[in-house]
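A.B. asks: Structure provided below as structure tokens; questions to follow.
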Amino acid sequence: MGIVPAELSSTELSAIRGAFLDFVGDPFFQSVAESVRYLPDGLLVLKDGTIADFGPYDQLQAKYGKVKTTHYPDKLILPGFIDIHIHYPQTEMIASYGAQLMEWLETYTFPTEAKFKDTVYARHIAEFFLDELLRNGTTTALVLPTTFPQSVEVLFEEAQRRNMRLIAGQVLMSRNAPEDLLTPAQTAYSQMREQIQKWHGKGRSLYAITPRFAVTCTEEELQLAGSLAAEFPEVYVHTHLAENKKEVALTAELFPDRSDYLNVYEHYGLVRDRAVFAHCIQLDESAFERLSQAGATIAFCPTSNLFLGSGLFPLHQAKHTEHPIKVGLATDVGGGTSFSQLQTMAAAYQVMQLQGKSLSPFQAFYLATLGAAQSLSLEDKLGNFAIAKEADFIVLDAQATPLMQLRNPVPVPQSIEAIATTLFAIMLLGDDRAITATYVGGALTTKL
């Protein structure tokens, strides 16, 4: 069972017609005219899972008039959403009541993750998890499995069955957690090394070296992680950083020789391009500057930060012109409260409002599409409708609910100014019901 893309002949052209919106620049630093591309009536031509051509319908119809075309009138088509930090083992424990980070891990997370020693169970949750991503319009994700190698294997297998671009890696954890979840550092190193060689670059799969966070890692474990990162510079590093004040204090106790939390990772060569740090709420100006200089990425997880009471991420500081940092939007399920990137955008807007700052709808959608692709160094493959990129995209319904229909009486406005208003309403009022269709590799995903 599950959601899988329908098969297309590798030589067959197909096309999608509708209103298209994507990004060609960063709306945090460039004007709307420079960064946003909006075609009220466009044509997307597909071949072999990639984008063969793209432009206004009236300019391309003569060339592709005989190509089989699916038309979505009164719908908005965007690149697929990219979620740059999410825990698939926490799917079943989403919305668990009443604790902040450290207590929440002990009470809910660790007992749930212990179940993933069972391969059959891990596969069951992996199937549900990936289908839920697709149902919410998320076509690519950077995912944390567990410390059990089988939880990694089944996730990659199920992602490949769905032709999804997925990044994941075995979680490193050798202290300060239940015994049945701990893996000796040398054992984990050998397991990860095998996984990198098996999965990284196979199909659409990519690998991430994944220390859970400094609190659960020994110095030996972080040193081995750094050795792997040096040996395989093309893989990712994925971890948590400065989410919660209690976590920050405990890290300082465990690593007294390090100048701050970020310096723990710096010391072991884990702060670099393709390194993704979730949260980054409790950081000072120096840490932000060093992340920028290293070319590292921050995963902005607003629903999780609000739910766990961790704090308000200063997006305006990360997107400062003097030391800009790559940022992508993340649901962080199960600390996050929704698989929907639309709901996550709504929370991001509210987080910024609480800091006296604004977040435009174009900026919000950028963080879940091209901005997220850039934050994962995948902008050559994903994030907008540039020719030759992988054809992952979604069809949005601005009138998906009665309230949205009332709010958006014109589902596809003709001007870029009007579409900004429509987008804002979609991100505040929308959820999985607003996703009319999800395409992966140019093929519509369908339920078996």
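A.B. asks: Tally time: how many residues in segment 218-230 are charged (D, E, K, R) and outside any helix (DSSP H, G or I)?
C.D. replies: Residues in segment 218-230 being charged (D, E, K, R) and outside any helix (DSSP H, G or I): 0 in total.
A.B. asks: Turning to a different aspect of this structure: Determine if segment 373-390 includes at least one residue that is modelled with pLDDT of 95 or more, among the aliphatic types (A, V, I, L, M) and part of a helix (DSSP H, G or I).
C.D. replies: Taking every residue of segment 373-390 in turn, at least one turns out to be modelled with pLDDT of 95 or more, among the aliphatic types (A, V, I, L, M) and part of a helix (DSSP H, G or I).
A.B. asks: Looking at 187, 210, can you tell me which residue is in a strand (DSSP E or B) and among the polar types (S, T, N, Q)?
C.D. replies: 210
A.B. asks: Still on this structure: Could you identify the single residue in 143, 215 that is hydrophobic (A, V, I, L, M, F, W, C) and not in a strand (DSSP E or B)?
C.D. replies: One residue alone meets the criteria, 215.
A.B. asks: Of all residues being touching a His at 6+ places or on another chain (Cβ under 7 Å) and not hydrophobic (A, V, I, L, M, F, W, C) in segment 235-258, which is nearest to residue 194 (Cα to Cα)? Just the residue, please.
C.D. replies: So the residue we want is 240.
A.B. asks: Here's a follow-up. So which residues in segment 367-413 are within 19 Å of residue 45 (Cβ to Cβ) and charged (D, E, K, R)?
C.D. replies: 381, 389, 390, 392
A.B. asks: May I ask you to say which residue of 445, 422, 369 is crowded, with 19+ Cβ neighbours inside 10 Å, modelled with pLDDT under 95 and in contact with a Leu (Cβ under 9 Å, 6 or more places away or on another chain)?
C.D. replies: 445
A.B. asks: Out of curiosity, is residue 331 surrounded by fewer than 21 Cβ atoms within 10 Å (Cβ to Cβ) and in a loop (DSSP other than H, G, I, E, B)?
C.D. replies: The answer is no for residue 331.
A.B. asks: Sticking with this one: Quick test of your reading of the structure: residue 379 fulfils all but one of (1) touching a residue at least 60 places away in the same chain (Cβ under 8 Å); (2) under 16 Å from the mean Cα position of the chain (by Cα). Name the failing condition by number.
C.D. replies: (1)
A.B. asks: Output the number of residues of segment 166-224 satisfying the condition of being under 23 Å from residue 279 (Cα atoms) and of a type in the set (D, E, K, R).
C.D. replies: 4
A.B. asks: Another question about this same structure. Collect the residues in segment 139-160 that are polar (S, T, N, Q), over 18 Å from residue 442 (Cα atoms) and buried (at least 24 other Cβ atoms within 10 Å of the Cβ), keeping them in residue-number order.
C.D. replies: 146, 147, 151
A.B. asks: State which residue is surrounded by the fewest Cβ atoms within 10 Å (Cβ to Cβ) when the search covers only segment 191-224 and only residues that are closer than 19 Å to residue 85 by Cα and small (Gly, Ala, Ser).
C.D. replies: Among those that are closer than 19 Å to residue 85 by Cα and small (Gly, Ala, Ser), it is 205.
For (1) more than 21 Å from residue 39 (Cβ to Cβ); (2) more than 19 Å from the chain's Cα centre (by Cα), each residue gets a yes or a no:
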| position | (1), (2) |
| --- | --- |
| 69 | no, yes |
| 72 | no, yes |
| 79 | no, no |
| 84 | yes, no |
| 88 | yes, no |
| 94 | yes, no |
| 101 | yes, yes |
| 106 | yes, yes |
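A.B. asks: Let me ask something else. What's the number of the condition residue 257 fails, among (1) touching a residue at least 40 places away in the same chain (Cβ under 8 Å); (2) surrounded by fewer than 20 Cβ atoms within 10 Å (Cβ to Cβ); (3) in a loop (DSSP other than H, G, I, E, B)?
C.D. replies: (1)
A.B. asks: Which ones in segment 262-316 are surrounded by fewer than 21 Cβ atoms within 10 Å (Cβ to Cβ), touching an Asp or Glu at 6+ places or on another chain (Cβ under 8 Å) and outside any loop (DSSP other than H, G, I, E, B)?
C.D. replies: Listed by number, the residues that qualify are 286, 290, 294.
A.B. asks: Consider residue 85 against the criteria (1) in contact with a helix residue (DSSP H, G or I) (Cβ under 8 Å, 6 or more places away or on another chain); (2) buried (at least 21 other Cβ atoms within 10 Å of the Cβ); (3) over 24 Å from residue 443 (Cβ atoms): it satisfies all of them except one. Which criterion is unmet?
C.D. replies: It is condition (1) that residue 85 fails.
The values are calculated or read from the model by the stated rules, or taken from the named source; none is laboratory data. Computed from a predicted structure; not experimentally measured. So basically every Cβ, Gly included, is an ideal-geometry build from the backbone, and we count neighbours across all protein chains shown.
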